[in-house]
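Undergrad: Take a look at the following structure, please.
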Amino acid sequence: MILPIVAYGDPVLKKKAKAIEKNHSNLSELIENMFETMYAAHGVGLAAPQIGLPIRIFVIDAAPFSEDEELSDEEMKQLKDFKKVFINATIVEETGEEWAFSEGCLSIPDVREDVFRNERIKINYFDEHFVEHTEIYDGLAARVIQHEYDHIEGVLFTDKLSSLKKRLIKGKLTNISKGKVNADYRMRFPLAKKTR
Ligand code: NI
């Protein structure tokens, strides 16, 4: 089932999300809905707060990024097969140089800005079968995880911009929260009091 994506300005996006239990009700259905919602919006990642749930789950399918011609063959392959569910994740280490990449977010349509993040992460998480993993990611794969991980920590990429950049996009963000934006997928706007 495709769910409406919560837009910028909804308090759920600012909340630190809570861990879930293994027997969380309808977990597999929730995961399925999250993938379906993400694909319908042409995203590469979606976190539970973006569908209004303050719990620590995010899903990623980075395959669309694997088409980038500037990537090495190895990176391309890594991204092509990168479809995963991250439950109760903790980033335990971030290392390497900070690099800039133009990020966007399904909750913030039509806004793209360069965000600086560390090159490499070590992450601990549970998969959809509640099997625990600790893995290391770098490059674009790490980037997508860092963005989604921020969502479950109540952080948006716009929070990481310079104060000048924040001022420049403030009006645009206010408009998004009011529903004054064109997105080609279903959204729920906190200040518009309607879903469309
Ligand atoms: Ni996002």
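The values are calculated or read from the model by the stated rules, or taken from the named source; none is laboratory data. Predicted model, so just to flag it, every value in this text is computed and none were measured. FYI the Cβ positions are ideal-geometry reconstructions off the backbone, even for glycines, and counts take in every protein chain you see. Note: accessible area is taken over every heavy atom of the protein model, side chains too, but ligands, DNA and RNA are not part of it. Shrake-Rupley method; radii C 1.70, N 1.55, O 1.52, S 1.80 Å.
Undergrad: Per residue, how much accessible area does the stretch 29-77 have with a 1.4 Å probe, in Å²?
TA: Result: 46 Å² per residue.
Undergrad: Okay, next question. What 222 nm value per residue comes from the helices of the chain, counting each DSSP H run with n ≥ 4 as -39,500 (n - 2.57) and dividing by all residues, nearest 500 deg cm²/dmol?
TA: One gets -8500 deg cm²/dmol as the mean residue ellipticity at 222 nm.
Undergrad: I've got another one for you. Could you sort Leu191, Leu156 by accessible area so the largest value comes first, with the probe set to 1.4 Å?
TA: Leu191, Leu156
Undergrad: Further question on the same structure: Could you look at the chain and say what percent of its accessible area is carbon and sulfur, using a 1.4 Å probe and all protein chains?
TA: The C+S portion of the solvent-accessible surface of the chain is 49 percent.
Undergrad: How would you classify the stretch 85-196 from its alpha-carbon gyration tensor, with a ≥ b ≥ c the square roots of the eigenvalues: rounded for a/c under 1.5, else prolate if a/b is greater than b/c, otherwise oblate?
TA: The shape class here is oblate.
Undergrad: Which one, Gly179, Thr37, Asn88, projects farthest toward the positive side of the charge dipole computed for the chain from Cβ point charges (K/R +1, D/E -1)?
TA: Gly179
Undergrad: What is the dipole size for the chain, taken about its Cα centre, with +1 at each Lys and Arg Cβ and -1 at each Asp and Glu Cβ, in debye to the nearest 20?
TA: Numbers: 28 positive and 33 negative charges, 345 e Å.
Magnitude of the dipole: close to 1660 debye.
Undergrad: Name the residues of the stretch 62-87 whose amide N is less than 12 Å from a point 7 angstrom out from the Cα of Asp138 along the C-beta direction?
TA: Taking a point 7 Å out along Cα→Cβ of Asp138, the residues of the stretch 62-87 whose backbone N falls under 12 Å are 75.
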